[in-house]
Every structure is written in C-alpha cells, then in structure tokens.
1. Say we look at the range 5-33 and pick out the residues that are without any contact (Cβ under 8 Å) to a residue 60 or more places away in the chain and of a type in the set (Val, Ile, Thr); which of these is surrounded by the fewest Cβ atoms within 10 Å (Cβ to Cβ)?
2. Looking at 167, 89, which is the one that is away from ligand 2 (no atom under 14 Å from the Cβ), among the aromatic types (Phe, Trp, Tyr), modelled with pLDDT of 95 or more and not in a helix (DSSP H, G or I)?
3. So residue 136 ticks every box in (1) in the same structural domain as residue 35 (by TED's automatic domain parsing); (2) touching a helix residue (DSSP H, G or I) at 6+ places or on another chain (Cβ under 7 Å); (3) surrounded by 14 or more Cβ atoms within 10 Å (Cβ to Cβ) but one. Which box is left unticked?
4. With 45, 106 as the choices, which residue is of a type outside the set (Lys, Arg) and under 30 Å from residue 163 (Cβ atoms)?
5. Got a number for residues in the range 119-152 being touching a residue at least 24 places away in the same chain (Cβ under 8 Å), within 14 Å of ligand 2 (Cβ to nearest atom) and not in a helix (DSSP H, G or I)?
6. Of the residues that make up the range 34-41, is at least one crowded, with 16+ Cβ neighbours inside 10 Å and in a helix (DSSP H, G or I)?
7. Read through the list (1) within 13 Å of ligand 2 (Cβ to nearest atom); (2) closer than 20 Å to residue 26 by Cα; (3) exposed (fewer than 13 other Cβ atoms within 10 Å of the Cβ), then give the number of the only condition that residue 156 fails.
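The values are calculated or read from the model by the stated rules, or taken from the named source; none is laboratory data. Fair warning: this is a prediction, and the values are worked out from it, not measured in the lab. Cβ sites come from the backbone with ideal geometry, for glycine too, and all protein chains shown count toward neighbours.
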Amino acid sequence: MLHFDVETNLEKILILANAKEVENYRFKDFLKLRNSDVLDAEVLILNNSITPQIDCTTCGNCCKSLMINVSEQEADTLANHLNLTRSDFDEQNLEKGGTMVVMNAIPCNFLANNSCSVYQHRFEGCREFPAMHLPDFNKRLFTTFMHYGRCPIIFNVVEGLKAVTGFV
Ligand code: SF4
Ligand code: SF4
C-alpha cells in the first residue's frame with residue numbers, strides 16, 4: 001500500500017486551496033484527458049492509503065456545506081432512532097420540493113461539536129461522500145474540486161494524484 005503523509009489541518013488546507021486555485025484549474029483540464037479506467041485505479045489506490053489516516057468522526061467539515069438528500073426509509077430509520085414521529089422529524093429537519101427531499105439546514109442539524117450525532121444512522125449521501133471509491137472519477141471533477149478546500153480526503157487524494165500522474 002502507498003503511504004502519504006496527509007494534511008488534516010483544515011485552516012491550512014483552505015489556505016493551500018486558495019493558493020493552488022489556478023494550478024487546480026489546469027489539473028482539472030489535465031485529468032479530463034486521462035483514461036478514465038486508469039484514473040479510477042489511481043484514485044482508488046490513493047484513497048485506500050489516505051482515508052484510513054483521516055478520522056471523519058472528528059472532522060465533520062463536509063457536514064457544514066453538503067446538501068444531503070434524504071430517502072423515505074432513511075427518514076423513517078432516523079425518526080425511529082430519535083424517538084420522534086415522522087411528522088415531527090420532517091418538520092424539524094426536512095425540506096420537501098416535488099420529489100426532492102433534503103435536510104433543511106446547512107450546517108446539518110445533526111452536527112454537534114464537529115461530529116455527527118447520528119453517525120450510525122447517517123444518510124447514504126453522507127456515507128458515500130467524498131466518493132473517491134466510486135468509478136467515473138472524471139465525471140465528478142466539478143463537485144470534487146468544489147470540496148477540495150474543505151475535505152481533507154479530497155485534498156490529499158488530489159495532491160497525491162498530481163504526483164502519481166506526473167502533473168507536478
Ligand atoms: S447526518 Fe451526520 S454525517 Fe450526515 S451531514 Fe448530518 S452531521 Fe454530517
Ligand atoms: S468526508 Fe472529508 S470533510 Fe467530511 S468528515 Fe471526512 S474528511 Fe472531513
């Protein structure tokens with residue numbers, strides 16, 4: 001397994017993200033030309049090395065900016081866990097627009113002291129983020145780079161990718 005020294009200081013990551021803004025525009029264009037399967041394999045190797053070194057339960061930074069979709073089943077499970085009726089749970093936490101149901105607050109209502117208070121019952125969207133383990137990385141460049149300055153996993157994977165691909 002590859003080993004990278006990871007950066008987890010959120011303030012430092014934000015400063016670096018601002019400093020690397022132009023470089024990252026160029027890197028995004030560079031990645032668009034890379035073979036998708038090769039890129040997915042590179043991201044997966046980096047992700048497998050970096051993610052175990054980062055503790056999401058004490059970071060919670062994505063919970064301050066993500067808009068989370070909530071399914072009926074997820075709402076049922078969490079309402080049950082919180083001993084709330086579905087109507088109380090919905091009133092307190094959900095925004096409904098057509099078929100879209102999302103959490104009604106950013107930062108998320110369940111974030112407490114930078115930690116998820118319902119971690120075992122968090123939503124699929126929370127579990128999936130930042131999706132570095134999923135295929136078609138090059139189709140998610142916009143959202144990935146949108147969160148580059150906020151998510152230590154994304155920051156470190158992208159920086160590792162710059163080295164692995166020979167971009168820097
Ligand atoms: S449910 Fe938990 S993990 Fe998901 S956004 Fe809210 S605080 Fe974060
Ligand atoms: S996914 Fe990223 S931003 Fe969210 S808690 Fe984990 S390291 Fe922090």
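1. The extreme case among them is 22.
2. The unique qualifying residue is 167.
3. Status for residue 136: all satisfied but (3).
4. Sole residue among the options that is of a type outside the set (Lys, Arg) and under 30 Å from residue 163 (Cβ atoms): 45.
5. Residues meeting the conditions: 10.
6. Taking every residue of the range 34-41 in turn, at least one turns out to be crowded, with 16+ Cβ neighbours inside 10 Å and in a helix (DSSP H, G or I).
7. (3)
Residue-by-condition table, conditions (1) of a type outside the set (D, E, K, R); (2) touching a Phe, Trp or Tyr at 6+ places or on another chain (Cβ under 9 Å); (3) exposed (fewer than 14 other Cβ atoms within 10 Å of the Cβ):
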position	(1), (2), (3)
93	yes, yes, no
97	yes, no, yes
106	yes, no, no
118	yes, yes, no
127	no, no, yes
150	no, no, no
